[in-house]
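Student: Please see the structure below; I have some questions.
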Amino acid sequence: MSPKTGEKQNLIRRHNLTEIVEHWAIALSGLTLVITGIFELPIAGRYYITDLPGMKWSGDFIFSLELHYAASVIFITVSLFHVVYHVLQGHTGLLPKKGDLKASVEVIKSFLGRGEEPLFHKYLPEQRLAYAGMAVIIAGLIISGLIKTYKNVYAPDMSYALVMWATWVHNVFFVLFVLAFAAHMAAIVIKPNRPLVRSIFTGYISLDYAKARHPLWLEEISPRMQGAPVRGERETPVREGREEKEPVQEDAGACTACNVRDAREAPDPDCEAVRDHQENTSPGRKT
Amino acid sequence: MNDGKKGGISRRALLKATLTAALSVGLGSSGHAHTGAGCAVATLIDISRCDGCPERETPACIQACRQKNLLHVPEPVDPLPKVFPRGKTEDFSGRKHLTDRLTPYNYLFIHKAEVEHGGKRWSLNIPRRCMHCDNPACATICPFAANHKHKTGAVVIDSDICFGGAKCRTVCPWNIPQRQSGVGIYLQIAPTLAGNGVMFKCDLCHDRLLEGKNPVCVDACPREALLSGPREIIRAEARKRADRMGGHLYGREENGGTATLYVSPVPLEKIDAAIEKGPGRPHMAPVQRRMAKTDTLANSVLLSPAIGLTAGILAAAGALKGRKNSSPEEERKP
């Protein structure tokens, strides 16, 4: 897990392997669910999708349902794992904070060239809001999907009102899920966010970038991160005079990565970001 | 002959009395326990008794069904919306008179078969309509819940929310539902791009079942070739009749079981070979429930929350334990 070579210099870990696997399991199974869910509508034959090479199956509602079920097993299992695993460890970095709505507006304005964006914790305020929104959507999809699945196998004659609610919650939340997914994709197209993308593949982002845009996160992790030697080129230009104008707060909140309340006094050695940085900057570091 | 007739009448009267009694005492703890209304109902169709009403222009069951249902099918818009991209519509509004097949205006027809069996020639008349399956894929996987199996056993399409995509017909082993283009809610949304009308089929007179009454076809039959009543009583009666005539059953196991049981004096494969099959004229071959192959995965889906919760608890406990046990020195091993 920890970087051992010089390839990782000037990088800081943003996601561990568990988080990366969670993300991609939910993303890929979710995408499969979207596609197979669409093919539960009678459109593949009508719109000649079944005539495309390798897509004949798309007109078979029962085969599509099997794929839908298979993807659901991954989607539901990992979603529930995600909630329990992080709640029990007190990971709260992705939960919305007070003022996130206002801050999100400022961030979006800054993307449009109006005003400066605020300093960030590990996640952007709109990321935290989007996470909460996606959590509600996924919860709705899972609950309604489980009701529909139970009906399909054990209770085709269950209350019509319940079936109707489950069906339409599933359909409406499907649309919301697709819109949220589109917004997620749009967010990584925005230039200032692009350096974050690598972390969902490799777990790491540039330390320069983190210092420039996520100083509150670095402060939470460890005071050693502040003023840490920087090597390599900056990946994102830092706005002029930003560090001086906006000093980091003295009293940082809980570390979202390691759950240490006062990271400066007791940096948690279990925090992978701290550990990685220590290893990268220690004199005996392998290169 | 007279004795037999009297005996027959007497037996039928006895059966009716039994069914009525069973209905009157109720089948369970539902809110309709006193009348039996709303309880699971099945229908028995005794092929040996149906003669197709030769003396009538239209068989009595079909006549009754059409009288009850024909007015409920709205007139399609003219012209029918163009359906992108295939342009295929289905319009029976000019053929409402058809009674020899299933159409959006005709939910019951008599299938005729000439069969040689046991050294005898049988001229059979077989009332055909929706089987009202125990676990109907047409209803369970309707994307808009426009089709539903009710506690009465009736599988009912809600024509107010059906888009006429015909998925129900595709997954029905007998392709029962019939589409009328140019009617229904799709006209209000995007008639060219989505939907293509409304699907229509027999609803087993669900409204009457809720009142504790029989479907109109059952009440109309002059030969009592059709019976309806509490599911288990009808199933037992069907078995008894089949045993008595050395006959055969259809609908008991088909597609995982249905609420319609045909009792036939001749093997069903001979009937299936003899009847005219095609659109609106379903086969009578053995049918496996295709959705059965999805049940294992569906059960896995139902188990997945427990798996995810358990895995999450174990993984978090392991991580927390590892955090407690580890010291900074151990973590900073060179």
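The values are calculated or read from the model by the stated rules, or taken from the named source; none is laboratory data. These numbers come from a predicted model, not from an experiment. In this analysis, Cβ positions are derived from the backbone assuming ideal geometry, glycine residues included, and neighbour counts consider all displayed protein chains.
Student: Looking at the range B:221-266, which of the residues that are within 14 Å of the chain's Cα centre (by Cα) and of a type in the set (Gly, Ala, Ser) is nearest to B:Ala137 (Cα to Cα)?
Tutor: Checking each candidate, the answer is B:Gly256.
Student: Right, B:Lys277: modelled with pLDDT under 95 and of a type outside the set (Asp, Glu) or not?
Tutor: no
Student: Related question: In the range B:132-140, is there at least one residue being within 14 Å of chain A (Cβ to nearest Cβ), surrounded by fewer than 24 Cβ atoms within 10 Å (Cβ to Cβ) and under 30 Å from B:Gly247 (Cα atoms)?
Tutor: yes
Student: Let me ask something else about it. Could you identify the single residue in A:Ile188, A:Ile138 that is within 15 Å of the chain's Cα centre (by Cα) and buried (at least 16 other Cβ atoms within 10 Å of the Cβ)?
Tutor: None of the others qualify; the one that does is A:Ile138.
Student: Which is at pLDDT 95 or above, assigned to a loop (DSSP other than H, G, I, E, B) and of a type in the set (A, V, I, L, M, F, W, C), of A:Leu65, A:Leu80, A:Leu41?
Tutor: A:Leu41
Student: Every residue in the range A:84-96 that is touching a residue at least 24 places away in the same chain (Cβ under 8 Å), under 16 Å from the mean Cα position of the chain (by Cα) and more than 7 Å from chain B (Cβ to nearest Cβ), please.
Tutor: A:His91, A:Thr92, A:Gly93, A:Leu94, A:Leu95, A:Pro96, listed by residue number.
Student: Continuing with the same structure: Does the range B:163-197 hold any residues that are within 14 Å of another protein chain (Cβ to nearest Cβ) and part of a strand (DSSP E or B), and which are they?
Tutor: Selection gives B:Arg179 alone.
Student: Please determine whether any residue of the range B:73-90 is away from chain A (no Cβ under 14 Å) and among the β-branched types (Val, Ile, Thr).
Tutor: Yes, the range B:73-90 contains a residue that is away from chain A (no Cβ under 14 Å) and among the β-branched types (Val, Ile, Thr).
Student: In the range B:119-135, what residues are free of Cβ contacts under 8 Å to residues at least 60 places away in the same chain and in a loop (DSSP other than H, G, I, E, B)?
Tutor: If the condition is that a residue be free of Cβ contacts under 8 Å to residues at least 60 places away in the same chain and in a loop (DSSP other than H, G, I, E, B), then B:Gly119 is the only one that fits.
Student: So B:Glu75 clears everything in (1) farther than 30 Å from B:Gly184 by Cβ; (2) loosely packed, with under 11 Cβ neighbours inside 10 Å; (3) at pLDDT 50 or above; (4) of a type in the set (D, E, K, R) except one condition, right? Which one?
Tutor: The number of the failed condition is (1).
Student: Answer yes if at least one residue in the range A:10-22 is within 14 Å of chain B (Cβ to nearest Cβ) and within 30 Å of B:Val171 (Cα to Cα), and no otherwise.
Tutor: Looking through the range A:10-22, none of the residues is within 14 Å of chain B (Cβ to nearest Cβ) and within 30 Å of B:Val171 (Cα to Cα).
Student: Turning to a different aspect of this structure: Out of all the residues in the range B:110-131, is one or more within 14 Å of chain A (Cβ to nearest Cβ), on the phi > 0 side of the Ramachandran plot and surrounded by 24 or more Cβ atoms within 10 Å (Cβ to Cβ)?
Tutor: Checking the range B:110-131: not a single residue is within 14 Å of chain A (Cβ to nearest Cβ), on the phi > 0 side of the Ramachandran plot and surrounded by 24 or more Cβ atoms within 10 Å (Cβ to Cβ).
Conditions (1) more than 9 Å from every other protein chain (Cβ to nearest Cβ); (2) assigned to a helix (DSSP H, G or I); (3) basic (Lys, Arg); (4) touching a residue at least 60 places away in the same chain (Cβ under 8 Å), marked per residue:
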residue	(1), (2), (3), (4)
B:Ile271	yes, yes, no, yes
B:Glu276	yes, no, no, yes
B:Asp295	no, yes, no, no
B:Leu309	no, yes, no, no
B:Gly318	yes, yes, no, no
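Student: Something else about it: If you check B:Phe163, B:Phe200, which single one turns out to be more than 24 Å from B:Lys277 (Cβ to Cβ) and crowded, with 22+ Cβ neighbours inside 10 Å?
Tutor: B:Phe163
Student: Residue check, A:Phe61 against (1) at the interface with another protein chain (Cβ under 10 Å from one of its Cβ atoms); (2) within 24 Å of the chain's Cα centre (by Cα); (3) under 27 Å from B:Thr89 (Cα atoms), all met but one. Which one?
Tutor: (2)
Student: Kindly establish whether A:Phe75 is within 28 Å of B:Val301 (Cα to Cα), within 20 Å of the chain's Cα centre (by Cα) and either without any contact (Cβ under 8 Å) to a residue 24 or more places away in the chain or part of a helix (DSSP H, G or I) (or both).
Tutor: Considered against the rule, which asks whether it is within 28 Å of B:Val301 (Cα to Cα), within 20 Å of the chain's Cα centre (by Cα) and either without any contact (Cβ under 8 Å) to a residue 24 or more places away in the chain or part of a helix (DSSP H, G or I) (or both), A:Phe75 comes out as yes.
Student: Further question: Condition first: more than 24 Å from the chain's Cα centre (by Cα), crowded, with 19+ Cβ neighbours inside 10 Å and outside any helix (DSSP H, G or I). Can you find one or more residues in the range B:44-59 that meet it?
Tutor: Yes: the range B:44-59 contains one or more residues that are more than 24 Å from the chain's Cα centre (by Cα), crowded, with 19+ Cβ neighbours inside 10 Å and outside any helix (DSSP H, G or I).
Student: Now for a separate question. Take B:His248 and tell me if it is under 16 Å from B:Cys130 (Cα atoms) and surrounded by fewer than 24 Cβ atoms within 10 Å (Cβ to Cβ).
Tutor: Criteria not met by B:His248.
Student: Among the residues of the range A:28-56 satisfying the criterion of being closer than 22 Å to B:Ala139 by Cβ and small (Gly, Ala, Ser), which is farthest from the other protein chains (Cβ to nearest Cβ)?
Tutor: Going through the qualifying residues, I end up with A:Ala44.
Student: At pLDDT 95 or above, in a helix (DSSP H, G or I), over 30 Å from B:Cys39 (Cα atoms) and more than 14 Å from chain B (Cβ to nearest Cβ): is that true of A:Val172 in this structure?
Tutor: no
Student: Check whether at least one residue in the range B:172-191 is among the polar types (S, T, N, Q), touching a residue at least 60 places away in the same chain (Cβ under 8 Å), surrounded by 23 or more Cβ atoms within 10 Å (Cβ to Cβ) and over 30 Å from B:Arg223 (Cβ atoms), and report yes or no.
Tutor: Yes: the range B:172-191 contains one or more residues that are among the polar types (S, T, N, Q), touching a residue at least 60 places away in the same chain (Cβ under 8 Å), surrounded by 23 or more Cβ atoms within 10 Å (Cβ to Cβ) and over 30 Å from B:Arg223 (Cβ atoms).
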